[in-house]
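Reading through the structure tokens given below for one structure.
The values are calculated or read from the model by the stated rules, or taken from the named source; none is laboratory data. What you see is a predicted model, and the numbers here were worked out from it, not measured in a lab. For neighbour counting, all protein chains shown are included, and Cβ atoms are generated from backbone atoms with ideal geometry for every residue, glycine included.
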Amino acid sequence: MGRGRAKAKQVKVARQLKYNGGHTDLDRLSDELGVSSARPTTEVEDSIDEELLDKYADYADYQPKDGSAG
């Protein structure tokens, strides 16, 4: 017993999805998921990013000597 309420809610959600027109309320979704709007960065993430940038910086301006691509 009690399946009627659950089914009615599923039908309601399905109808909202079908006839809503594709608009997604991202603010409401983030509230439901408990996601904060600002993502805190840590020093570890910053140092990893800097290390990767330094490691691959030489490749950013690489041009083949013979002019061929590939």
May I ask you to say which residue of D61, D66, D49, D31 is modelled with pLDDT of 80 or more and either out of contact with any strand residue (DSSP E or B) (no Cβ under 7 Å at 6 or more places or on another chain) or surrounded by 10 or more Cβ atoms within 10 Å (Cβ to Cβ) (or both)?
D31
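Go through the residues of region 9-28 one by one and say whether even a single one is at pLDDT below 75 and part of a helix (DSSP H, G or I). Explain how you work it out, then say what you get.
First pass over region 9-28, keeping only residues at pLDDT below 75: 21-22.
Adding the requirement that they be part of a helix (DSSP H, G or I) leaves none.
No; the residues of region 9-28 include none that is at pLDDT below 75 and part of a helix (DSSP H, G or I).
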